[in-house]
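Nothing in this text is a laboratory measurement; each read-out follows from the coordinates by a stated rule. Being a predicted model, the structure only gives us computed values, none of them experimental. Methodologically, a virtual Cβ is constructed for each residue, glycine included, from the backbone with ideal geometry; neighbour enumeration extends over all protein chains shown.
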Ligand SMILES: O=C(O)CCC(=O)C(=O)O
């Protein structure tokens, strides 16, 4: 299947009961969460190329992968089978790369600043950090998100009509572009997998004032190479 500007795919993926089970497991591993820079008590479970890619990605992946696989093996197999149905070629994991992981945010209802998704708008270029020869492969990268737990306001993705090709034209001021151009809100649903190529400017959707509860998402990527599609984070 082909992915390109604005092309996304979404499907039912996990049931509400499965999400609750995964959420419990993630919560039970709180001692392995890593606090990250950003508001809303942002933390991750798992190693992420976009955050760890320039530092200790390989070491961190090999430390965390056994725990992640032991705990979430069913989910990883489901992901492998799902992408196997919609992509051509073998879909696999590689122990040298981090398995998909989790984003965690906690909202207290008293967050005093106004939330603007434009302030976190980005392209998913993380593949460049962990696949140094990415330019040679002309690979199509993919990003997927599955909401596992939603806060009181639900969850969404914000997307802008800007591709990397237009980045230089706006002098790489993509956050300013996001602040001054209309965006599209893509509502998420619990357990539903949302996949895109990560190359439309995008951000976690707006957190309205008064939102309470936890936003937990399963996050990962696929990257095409000679063998097939590698699933990683
Ligand atoms: O949490 C989300 O909805 C989006 C996450 C995101 O922007 C990303 O993984 O690139």
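Identify which of 126, 41, 24 has the largest mean-square fluctuation in a Gaussian network model of the chain, with springs joining Cα atoms closer than 10 Å.
24
By counting other Cβ atoms within 10 Å of each Cβ, how are 27, 190, 162 ranked from fewest to most?
By the 10 Å Cβ count, ascending, the order reads 27, 190, 162.
Taking R0 as 45 Å, what FRET efficiency do you get between residue 27 and residue 172 from their Cβ-Cβ distance, rounded to the nearest 0.05?
Working: r = 39 Å, r/R0 = 0.86.
The calculated FRET efficiency here is 0.70.
With an 8 Å Cα cut-off and a minimum separation of 6 or more residues, compute the relative contact order for the chain in percent. Walk me through the intermediate numbers first.
Values: 456 pairs, mean separation 74.6, N = 233.
Relative contact order, the chain: 32 percent.
What is the fewest-to-most order of 171, 221, 122 by other Cβ atoms lying within 10 Å of their Cβ?
Details: 171 9, 221 26, 122 15.
Going from least to most buried by this count: 171, 122, 221.
Would you mind classifying region 99-172 by shape? Square roots of the alpha carbon gyration tensor eigenvalues, ordered a ≥ b ≥ c; an a/c under 1.5 is rounded, otherwise it is prolate if a/b is larger than b/c and oblate if not. List each step's numbers first, then the result.
Numbers: a/c = 2.71, a/b = 1.56, b/c = 1.74.
Since a/c reaches 1.5 but b/c is at least a/b, the shape of region 99-172 is classed as oblate.
So for the pair residue 42, residue 12, with labels modelled 7 Å out along Cα→Cβ, what separation do we get in nm?
Roughly 3.3 nm, to one decimal.
Can you tell me which of 136, 175, 70 moves the most in a GNM of the chain? Springs connect C-alpha atoms under 10 Å apart.
Evaluated over the chain, the most mobile residue of the options is 136.
Taking the Cβ-Cβ separation of residue 128 and residue 165 as r and a Förster radius of 22 Å, what is the calculated FRET efficiency to the nearest 0.05?
Details: r = 16 Å, r/R0 = 0.72.
The formula returns an efficiency of 0.90 here.
With labels modelled as points extended 7 Å from the Cα through the Cβ direction, what inter-label distance (nm, one decimal) is found for residue 152 paired with residue 137?
4.4 nm
Arranged by the count of other C-beta atoms within 10 angstrom, fewest first, what order do 155, 73 take? Spell out each step's value before the answer.
Working: 155 22, 73 11.
By the 10 Å Cβ count, ascending, the order reads 73, 155.
Let me make sure I get this right: for region 171-233, a, b and c are the square roots of the gyration tensor eigenvalues over alpha carbons, sorted descending. Under 1.5 in a/c it's rounded, otherwise prolate if a/b > b/c, else oblate. Which is it?
On the way: a/c = 2.65, a/b = 1.26, b/c = 2.10.
In terms of gyration-tensor shape, oblate.
Between 114, 98, 61, where does the largest GNM mean-square fluctuation fall for the chain, given springs only between Cα atoms within less than 10 Å?
114
In nanometres, what is the gap between the two model label sites at residue 58 and residue 185, each 7 Å from Cα along Cα-to-Cβ?
Label-label distance for residue 58 and residue 185, simple model: 4.5 nm.
Tell me the mean residue ellipticity at 222 nm calculated for the chain from its helices only (DSSP H runs of n ≥ 4, each -39500 (n - 2.57), averaged over every residue, nearest 500). Spell out each step's value before the answer.
Numbers: 6 runs with 62 residues, N = 233.
-8000 deg cm²/dmol, from helical runs alone.
Classify region 103-233 from the C-alpha gyration tensor, please: rounded if a/c falls under 1.5, else prolate or oblate depending on whether a/b exceeds b/c. Write down the numbers at each step before the final one.
Working: a/c = 2.49, a/b = 1.37, b/c = 1.81.
Note, shape of region 103-233 comes out oblate.
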